[in-house]
1. Does segment 223-233 contain any residue that is part of a helix (DSSP H, G or I), aliphatic (A, V, I, L, M) and modelled with pLDDT under 85?
2. For segment 218-261, which residues satisfy the criterion of being among the β-branched types (Val, Ile, Thr) and without any contact (Cβ under 8 Å) to a residue 60 or more places away in the chain?
3. Collect the residues in segment 211-249 that are of a type outside the set (A, V, I, L, M) and in contact with a His (Cβ under 7 Å, 6 or more places away or on another chain), keeping them in residue-number order.
4. Which residues, taken from segment 25-63, are in a strand (DSSP E or B) and out of contact with any strand residue (DSSP E or B) (no Cβ under 8 Å at 6 or more places or on another chain)?
5. Checking the condition surrounded by 13 or more Cβ atoms within 10 Å (Cβ to Cβ) and touching a Leu at 6+ places or on another chain (Cβ under 8 Å), which residue from His196, His162 passes?
6. Can you report the number of residues in segment 239-255 which are part of a helix (DSSP H, G or I) and either modelled with pLDDT under 90 or outside the structural domain of Gly215 (by TED's automatic domain parsing) (or both)?
7. Quick one: which residue in Glu83, Glu39, Glu60 is within 24 Å of Phe216 (Cα to Cα) and surrounded by 15 or more Cβ atoms within 10 Å (Cβ to Cβ)?
8. Filter segment 205-235 down to the residues that are of a type in the set (A, V, I, L, M, F, W, C) and touching a strand residue (DSSP E or B) at 6+ places or on another chain (Cβ under 6 Å), then identify the one that is farthest from Leu195 (Cα to Cα).
Amino acid sequence: MQIEVRYRPFLLTTPYVLAFGAVKQFDTFFVRAFDGSNEGWGEITPLPGYSAESPQTVREALADLESNDNPVNAKYLVQKWGETAAMTVSGILTARDSLQLNAEGACPETASFDPIPVAALCAGTTPDAAAENAQRLCAQGYQTLKVKIGGGSVQADVDRVHAIAAAVSPMARLRLDANQQMVFDDARTRIIGFLHEQAAKNGMKFADETLIRHGFTHQDMANITGTSRQLVTIVLNELKKENLINFDRSSILIRDLDQLK
């Protein structure tokens with residue numbers, strides 16, 4: 001089995017706006033696993049801000065795997081790159097698994113499937129447009145509609161959601177996706193509160209600085225603060241950029257507790 005990776009940047013005609021900024025380009029790596037006439041494909045698209053993984057991290061992981069005798073060893077991939085390059089691991093293992101399925105004849109080239117409507121994104125920036133789109137999607141068989149919120153005022157979001165709910169069957173399900181935009185400030189407050197609490201319990205003072213040695217992962221911090229792993233990563237990186245803290249996997253250095261707020 002061999003692995004081949006092709007990189008392709010995708011410029012977005014409309015920026016993908018998230019809490020940590022606007023994404024104007026997707027950096028995508030296509031992974032091809034092949035053995036003789038059989039092949040399988042995977043995809044890696046890191047999204048900086050959601051995690052620490054970046055195109056550079058992907059390239060570092062791929063360079064390491066290129067020198068490895070067995071680049072698709074799942075245990076090695078997860079242990080070495082699972083935390084810092086999770087999408088890379090997923091893309092490579094997907095290519096490997098799809099190659100195996102193809103070799104077993106589980107993915108015939110001429111396969112044909114009838115589409116099954118499951119969930120759809122309900123677009124529309126005004127209540128009327130959103131309601132019209134919701135009715136169209138439900139008529140096509142979709143019973144779960146994803147609605148983007150958090151890009152404008154809260155009242156505008158409420159009006160759109162009410163319009164959609166009134167336009168569809170009571171059996172339809174609405175899933176609201178804020179893309180973290182409605183919780184970022186609250187998450188920052190919670191995470192800073194967590195840092196103050198840990199400083200009071202376990203901090204070691206060095207002049208104005210406080211060192212916290214800990215065993216928390218970003219997911220642990222998210223569970224404690226009621227946020228998400230992605231938001232913990234974003235907030236800690238923001239605090240580091242502001243020179244309020246410095247951190248590594250086992251410790252957090254607070255420059256000045258009085259300034260951390």
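The values are calculated or read from the model by the stated rules, or taken from the named source; none is laboratory data. Worth saying up front: this structure is predicted, and the values here are computed from it rather than measured. No Cβ is skipped: glycine too gets one built from the backbone with ideal geometry, and neighbour counts run over all protein chains shown.
1. yes
2. Answer for segment 218-261, where residues must be among the β-branched types (Val, Ile, Thr) and without any contact (Cβ under 8 Å) to a residue 60 or more places away in the chain: Ile224, Thr225, Thr227, Val232, Val235, Ile245, Ile252, Ile254.
3. Residues satisfying the conditions are Arg229, Thr233.
4. The answer is Asn38, Pro48, Ser51.
5. Matching residue, one of His196, His162: His196.
6. Within segment 239-255, residues that are part of a helix (DSSP H, G or I) and either modelled with pLDDT under 90 or outside the structural domain of Gly215 (by TED's automatic domain parsing) (or both) number 0.
7. Of the residues listed, the single one that is within 24 Å of Phe216 (Cα to Cα) and surrounded by 15 or more Cβ atoms within 10 Å (Cβ to Cβ) is Glu83.
8. My answer is Leu211.
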